[in-house]
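*Asks:* Quick one: this structure, given as structure tokens, is what I'll be asking you about.
Every number here is computed from the coordinates shown, using simple stated rules; none is lab data. Small disclaimer: the values here were computed from a predicted structure and weren't measured. Methodologically, a virtual Cβ is constructed for each residue, glycine included, from the backbone with ideal geometry; neighbour enumeration extends over all protein chains shown.
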Amino acid sequence: MIRQYNEDDIDAVMQIWLDTNIRAHNFISSGYWRINFDMVREMLPHAEIYVHEEDCARQIDGFIGLNDDYIEGIFVKETMQSKGIGKQLLNHAKEVKSTLKLRAYQRNEKAIKFYLRENFCIQSESVDDNTGEKEFVMIWNK
């Protein structure tokens, strides 16, 4: 089930955010994510967030964060990946938005393949000022 985020979700969402970033971006120091944890925790309630939870377990296993038409990220617990949760979250965003944009690190090949498979196009390349990593700017239109 996908539902709107509520403030009681913060601890579960932030743990998924931290774990997923450290694992998916092993080319960036885990310290980078830990240093930014508190800032993200403060900003999170200001974003448009949808969470996925198993109907019976009532545990959050993934979420998508949006800022207007920009995808801040899709995060799914490691044990729940490759089960269609990321696709469900993205499809939900596609239902409420006519255009979606994002930035993905070029070295995160799994994410790039996922977004290309979901009909995103690479619009341009840039470098993330915070990490020095090359990234793709990607876009999807209804």
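*Asks:* Taking the Cα centre of the chain as the origin, how large is its charge dipole in debye, to the nearest 20, when only Lys and Arg (+1) and Asp and Glu (-1) carry charge on their Cβ atoms? Walk me through the numbers on the way to the answer.
*Replies:* On the way: 18 positive and 24 negative charges, 132 e Å.
Computed charge dipole of the chain: roughly 640 debye.
*Asks:* Tell me, what is the Rg over Rh of region 1-40, with Rh the Kirkwood radius over Cα pairs? Don't skip to the answer; put the middle values down first.
*Replies:* On the way: Rg = 11.6 Å, Rh = 11.1 Å.
We get a ratio of 1.05 for region 1-40.
*Asks:* Moving to a separate point now. For the chain, set up a Gaussian network in which alpha carbons nearer than 10 Å are linked by springs, and say which option among Val127, Val51, Val76 fluctuates the most.
*Replies:* Highest fluctuation of the listed residues: Val127.
*Asks:* Based on alpha-carbon centroids, what's the gap between region 70-128 and region 1-62 in Å, whole number please?
*Replies:* 15 Å
*Asks:* Semi-axes of region 70-134's equivalent ellipsoid from the Cα gyration tensor, sqrt of 5 times each eigenvalue, largest first, rounded to whole Å? Show your work: numbers first, answer last.
*Replies:* On the way: eigenvalues 83, 49, 23 Å².
Semi-axes (√(5λ), whole Å): 20, 16, 11.
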